[in-house]
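Everything below concerns the one structure shown next.
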There are 2 protein chains.
Amino acid sequence: MNLAYRERTQEELRRELAAVQQQYEELKAKGMKLNMARGKPGKAQLDLVSDMLRIIADPDDCISDGLDVRNYGELTGLPAAKRLFADILGCKPEECFIGGNASLQLMYDTVSKAFTHGLLHSEQPWSRLERVKWLCPAPGYDRHFKVTQSFGCEMITVPMTPTGPDMALVEELIRDPEVKGMWCVPKYSNPDGIIYSDETVHRIAKLKPAAPDFLLMWDNAYCVHEFEGDFVPFEDILTLCREAGNPNMVFEYASTSKITFPGGGISVMASSVDNLKYMEKLETIQIISYDKVNQLRHVKYLRDKEHTLELMKKHADIVSPKFRCVLRHLDEQIAPLGIATWQRPKGGYFVSVNTEPGLAKRTLALCREAGVTMTGAGATFPYGIDPNDSNIRIAPTLPPVEELECAMEIFCVCLRMAALEKLIAL
Amino acid sequence: MNLAYRERTQEELRRELAAVQQQYEELKAKGMKLNMARGKPGKAQLDLVSDMLRIIADPDDCISDGLDVRNYGELTGLPAAKRLFADILGCKPEECFIGGNASLQLMYDTVSKAFTHGLLHSEQPWSRLERVKWLCPAPGYDRHFKVTQSFGCEMITVPMTPTGPDMALVEELIRDPEVKGMWCVPKYSNPDGIIYSDETVHRIAKLKPAAPDFLLMWDNAYCVHEFEGDFVPFEDILTLCREAGNPNMVFEYASTSKITFPGGGISVMASSVDNLKYMEKLETIQIISYDKVNQLRHVKYLRDKEHTLELMKKHADIVSPKFRCVLRHLDEQIAPLGIATWQRPKGGYFVSVNTEPGLAKRTLALCREAGVTMTGAGATFPYGIDPNDSNIRIAPTLPPVEELECAMEIFCVCLRMAALEKLIAL
């Protein structure tokens, strides 16, 4: 019987709940232990790239553009690493600052320096301001929101649409000089997997914020992370901002965390030469350089954009069956019941499920009880509060497909149970 | 003729200057190009440790205590890396937080977080305070002073003595609640190469600062860096502070920058478990973990303190002839003239020369003109201002001995010229 739940009688719902509860107890008895809370690559992906471990083996391998990468120096990164990221992002090498294994760290530092020292166009450090407001397209990336929360920003939720953030609202909000920045994941947004439309990207580049030091945080985390179909090209946001008269508004970030090793990759911060010059003066006090040996490993292993895209096809071969598994379970077991909708992304690391209001927390609590830990309910909203208690982020890349099958079985049963409990209580 | 300059007649001095000027012109004509501004290991030292590049080659090598180091996780660092540094520093593994390739970054972050969020015992973030004062034993490390300068601290110079900072003055100054911290390099201090005496270390641990969140920055940069004689043991500052009732006063730092690769090592921040718990809550917003692949490389390569000390003996074989070269030139060419004194360190990375007042800038300008760039005059004092224009930091490790011979030849001639110019002008 596949009738939508809301069209069933209370008696039918009660019978369904009894059946679902029995399924739940049976699945729970299997004693599963699976953590799907984060977008973590699986072991097969790590093995895929492990040749990189051997790519620098001797002192002679350690020279890049005449520099010995083993020694101190080159605060802004190896020229060759800048060329690699410039190729991938479509910007210029001199617009790239190469970081350590975490782009999150570069993002945090940018916000932190805005507070302690101010940005290029700041009148004063933000720590001296009474209030800093920040735009948070949501659902979004929990770690972004936690950075701005940690610095005491007043976070304003901007709804996501199928083409990106609600731009009419953004254009309205940035007229407030206390609004100092916005988080964006322009390609395969976390968690929806939405690609901002060209129109959205152009409108963002053309924003005229009241704050002279408005900080557009452009986290291009999934810039080459297609798992289905061909590479989807994107415009260079630095160029667009420059052409729109906003050369210093944007800082773009990317990393190899999901290209090579999450625990040992490299990252980039791309921005105008003027912004980088300003930041370099502050960075030189903080660090002599990031790990240049690892930068060179990546340069030798990834080579250029074309070669990187070939590697990403191999990652896709590993992860696409996992995404198909998630969608198959949702399509077969949830779609007919009318209790949730979801995106069908072709890249990124997540499937974003929107349940009927009020089901997310209960669903995830049931999952956890049955041994499957997923991203906490609310995590995809500022302050961890989902006003509809509806959004659930599924991160399918870590487990092997067999385990994922079992986890999705559990997830679907839990979601049905949560929906039935609610409908019966009404 | 080897009479001290101050005992010579003006006529003798003028004749000496003419001779020295001619030597200078001859040396300048050689067209030397050498940068000795920083304490950079030389190529032979980098080659010495380059087997480390191969120590992790396969996926099977990437497991440590059951963890796959290639993936996300373990914010505070690999347990094995904590055990390694705990062994070296004499503290407990749970008192260690493992960072990236730069301990400077961990130090900067600690100060930065004191300003943006406050420390464990802070009443409020330091950015809200009208004034933050900071104790700077000097001569000291320029990068330390630049960190506290960058955050607007009012830096107070504390003279260094042969047993460490002038403790009577320190004990007096910390009675001011606006004095929030102090920089220390307890072993082979930069640049003097002084080891703080046991008495000094104990007095520091027993300080009773008026500020409840006083931050003792204990940069143990040269903890195993003897280049002459046996390893000199040191007491664990964490234990001493705990025993003195100051468990949360100290953060200790160290790195492998001068053990393995300056451009690709690992670092540690050691502090009380309570301090680390507090910092972890802030760090988790900034980064998912530092590079764990590189942490494991170091664990496999360095193994433990004993094995690390064996490696340091091999470094000593490479660098000790360089330090002997520096001292020989000073002993032979400068000592009889009575125009400077210097330390004779047995470890660390520098020889610290104190000229007669007013000679440092001129000497270094002459060196630069002859192609030898050394650490800028004043760099070893807060705000880059040496009140006596006297301290010069010689960093002999980068050049091969033959080049160093020539550089020291130039240095001694420049120092003599500067002294003569001054004496003649009087």
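FYI, it's all coordinate maths here, none of it is from the lab. Computed from a prediction, not measured in an experiment: that's the story for all the values here. Here Cβ is always computed from backbone atoms with ideal geometry, including for glycine, and neighbour counts include all displayed protein chains.
Key figures for this structure:
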quantity: Ranking of B:366, B:423 by count of other Cβ atoms within 10 Å, fewest first; calculated: B:423, B:366
quantity: Options B:308, B:418, A:229, ranked by Cα towards positive dipole end of the protein assembly as shown, top entry (Cβ charges); calculated: B:418
quantity: Three-way shape call for region A:1-108 based on the alpha-carbon gyration tensor, with the a/c threshold at 1.5; calculated: prolate
quantity: Dipole of chain B, positive direction: furthest Cα of B:373, B:29, B:251, with charges on the beta-carbon; calculated: B:29
quantity: For region B:214-278 and region B:123-138, distance of Cα centres in Å; calculated: 22
quantity: Relative contact order %, chain A, counting alpha carbon pairs below 8 Å whose residues are six or more apart; calculated: 26
quantity: Inter-copy spacing of residue B:244 label points, which lie 7 Å from Cα along Cα→Cβ, given in nm from shortest upward; calculated: 5.6
quantity: Sites matching trypsin sites (Lys or Arg not before Pro) across region A:117-225 that sit in DSSP coil, with at most 13 neighbouring C-beta atoms within 10 Å; calculated: A:131, A:175
quantity: The protein assembly as shown: Cα Rg divided by the 2.2 N^0.38 Å rule of thumb; calculated: 1.05
quantity: Principal-axis tilt of helix B:401-425 within chain B, Cα atoms, nearest 10 degrees; calculated: 60
quantity: Test item: Cα-centred dipole of region A:64-303, Lys/Arg +1 and Asp/Glu -1 on Cβ, debye; calculated: 600
quantity: At R0 = 60 Å, FRET efficiency that the Cβ-Cβ distance of residue A:273 and residue B:273 yields, to 0.05; calculated: 0.85
quantity: Taking all pairs of distinct alpha-carbon atoms in region B:64-303, Kirkwood radius in angstrom; calculated: 18.1
quantity: Label distances, nm, residue B:9 versus same residue in remaining copies, Cβ-directed 7 Å point; calculated: 12.9
quantity: Across A:146/B:281; A:187/A:361; A:292/B:40; B:113/B:305, pairs whose alpha-carbon gap is larger than 20 Å; calculated: A:187/A:361; B:113/B:305
quantity: Relative contact order, percent, region A:64-303 [alpha-carbon distance under 8 Å, six or more residues apart]; calculated: 28
quantity: Helical contribution to [θ] at 222 nm, DSSP H n ≥ 4, -39,500 (n - 2.57), averaged over chain A, rounded to 500; calculated: -12500 deg cm²/dmol
quantity: Only Lys, Arg (+1) and Asp, Glu (-1) charged, at Cβ; chain A dipole about Cα centre in debye; calculated: 720
quantity: For region B:157-175 versus region A:4-65, the gap between their alpha-carbon centres in whole angstrom; calculated: 57
quantity: Filtered trypsin sites (Lys or Arg not before Pro), region B:7-95: DSSP coil and at most 10 other beta carbons within 10 Å; calculated: B:33
quantity: For chain B, alpha-carbon Rg relative to the globular expectation (2.2 N^0.38 Å, N residues); calculated: 1.04
quantity: Cα shape, region B:315-426, gyration tensor, a/c 1.5 rule; calculated: prolate
quantity: Among beta bridges that DSSP assigns inside region B:64-303, antiparallel share in %, nearest 5; calculated: 40
quantity: Residue order, fewest to most beta carbons within 10 Å, for A:55, A:98, B:194; calculated: A:55, B:194, A:98
quantity: Descending principal axes extents, region A:76-168, alpha-carbon based, whole Å; calculated: 41, 37, 24
quantity: Among beta bridges that DSSP assigns inside chain A, antiparallel share in %, nearest 5; calculated: 50
quantity: Cut-off of 10 Å, at most 15 other beta carbons, DSSP loop: longest stretch of chain A lacking such GluC sites (Glu not before Pro); calculated: A:236-426
quantity: Label distances, nm, residue B:383 versus same residue in remaining copies, Cβ-directed 7 Å point; calculated: 4.5
quantity: Whether region A:221-296 is rounded, prolate or oblate, judged on the alpha carbon gyration tensor where a/c under 1.5 counts as rounded; calculated: oblate
quantity: Extreme residue, positive dipole direction of region A:64-303, given options A:88, A:104, A:298 (C-beta unit charges); calculated: A:298
quantity: Centroid-to-centroid separation of region B:396-420 and region A:302-318 [C-alpha atoms, Å]; calculated: 52
quantity: Dipole magnitude of the protein assembly as shown about its Cα centre (Cβ charges: Lys, Arg +1; Asp, Glu -1), debye to nearest 20; calculated: 260
quantity: Between helix B:103-116 and chain B: long-axis angle, C-alpha atoms, 0 to 90°, nearest 10; calculated: 70
quantity: Exposure proxy order (Cβ contacts within 10 Å, fewest to most) of A:406, A:62; calculated: A:406, A:62
quantity: Of all DSSP beta bridges in the protein assembly as shown, antiparallel share, percent nearest 5; calculated: 50
